[in-house]
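Below you'll find the structure, written out as structure tokens, and then a few comments.
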Amino acid sequence: MRVLLFTGKGGVGKTTLAAATAAGLAARGSKTLVVSTDPAHSLGDAFGLPLAAEPAEVDSCLHGAQVDARTLVDNVWATLRVQLRSALTGAGIDALDAEELTVLPGVDELLALTEVRRLAETGPWESVIVDCGPTAETLRLLALPEAVAGYAGRAFGRRGWMARAAGAWSGVAESVERLAAHVDGLRTLLTDPAVTTVRLVLTPERMVVAETRRTLTSLALRGIRVDGMIANRLMPAPGLWRGSAASWLRTRRNEQEAVLAELRRSGPAEGMLRSVEHRAAEPVGLPALLEIARELYGDADPLGGAGGPATPLLDVSETESGFDLRIALPLGRDAAVDLARVDDDLAVTVDGFRRLVALPGPLRPCRVTGAESDARGLLVHLERTA
């Protein structure tokens with residue numbers, strides 16, 4: 001099974017392109033599920049059909065579903081939260097603190113991702129296409145499994161008071177174990193490049209491209225592979241047309257081509273970019289979506305990303321005085337990078353996105369002496385301590 005996540009800045013057409021990719025896969029005979037976690041609930045609009053929480057047939061080999069995160073929160077997390085609050089209070093934690101500890105930020109997104117995994121693993125699907133929310137929501141969504149693992153460790157790792165409250169925890173242990181298992185499963189699913197990749201959708205505008213570059217960096221920090229980018233709504237070439245309308249089209253197309261040429265020249269985008277021309281009519285329904293799929297992929301496999309083999313996030317080489325740690329991150333020329341040691345981890349912050357990278361064992365006693373960036377990412381210098 002392959003899982004392909006579509007995301008991009010709000011309004012760039014990611015839902016349409018996710019639906020078109022799913023339709024193209026189904027037309028090739030691949031049993032395909034397309035599912036949306038976007039609160040906008042526009043996936044059904046793309047097909048011109050109503051979609052619900054459980055997969056419904058859209059066409060031969062193609063099913064669609066719309067995850068309702070709010071309902072998942074009401075049905076799943078609310079019960080567990082009551083159990084946790086009772087257990088924490090019984091463990092001697094103040095009621096107000098217990099209330100605060102059981103407010104898990106982003107739980108609706110976490111449950112939405114968990115539901116995607118459930119749908120993917122319980123059906124006959126060969127391909128699962130996920131229409132995610134806009135970029136900011138998607139980055140928060142994809143960061144949640146790691147964040148929740150840390151949260152669970154802080155909230156439930158104090159064995160002393162847990163032992164004193166064994167009776168209070170009798171009703172919650174199984175629920176907590178299920179949540180932990182979900183989180184571990186999600187982390188494995190998202191960071192396995194043989195199973196899950198991301199496709200970024202953009203429009204040929206400088207602000208959108210700048211956000212796309214930052215998204216590439218953030219996903220790389222999470223160990224999540226991007227296998228391609230799609231430039232949507234490229235103005236049709238006016239050819240030999242004349243007149244004011246043709247002049248406007250020519251100017252706009254030239255501006256878009258200049259933006260895409262700049263994006264292609266940047267290391268991460270090289271060889272990864274496809275494009276789709278703007279259409280006069282809104283692409284709604286299977287025939288229109290299949291036309292987009294043909295323009296996008298031609299005879300190629302829609303799941304065959306152009307990104308090449310996955311590059312490991314970390315690579316260590318030994319030097320005379322210590323080690324060089326290569327962190328494979330796509331960095332823009334103006335990227336703001338900060339490094340800091342946090343115990344045995346290296347805190348890497350790029351343009352406001354932060355991740356704690358666990359240092360390999362031999363590097364933990366070393367101190368950071370410097371860093372530099374190049375086309376392959378960050379190169380961190382570490383020196384052995386006496």
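All of the numbers you see were taken from the coordinates with simple rules; none came from a lab. Since we're looking at a predicted model, the values are computed, not measured. Backbone-built Cβ (ideal geometry, glycine too); neighbour counts: all protein chains shown.
Approximating the spin labels as points 7 Å out from Cα along Cα→Cβ, the residue 369-to-residue 385 distance works out to 1.5 nm.
Distances between placed amide hydrogens fall under 5 Å for residue 53 paired with 66, all partners being 5 or more residues away or on another chain.
Residue 319 to residue 188: FRET efficiency via 1/(1 + (r/R0)^6), r the Cβ-Cβ distance, R0 35 Å, to the nearest 0.05?
With a Förster radius of 35 Å, E is 0.60.
Projecting label points 7 angstrom from Cα along Cα→Cβ for residue 42 and residue 265 puts them 3.2 nm apart.
In summary, region 203-270 shows an alpha-carbon radius of gyration equal to 1.36 times the 2.2 N^0.38 Å reference for compact globular proteins.
Among 353, 6, 47, sorting on how many other beta-carbon atoms sit within 10 Å of each Cβ, with the fewest leading, yields 353, 47, 6. What the Cα convex hull of region 311-386 gives, in volume per residue, is 89 Å³.
In plain terms, the residue of 31, 9 with the fewest other Cβ atoms within 10 Å comes first and the most crowded comes last, giving 31, 9.
With only Cα atoms counted, region 17-70 has Rg and Dmax values of 10.4, 34 Å.
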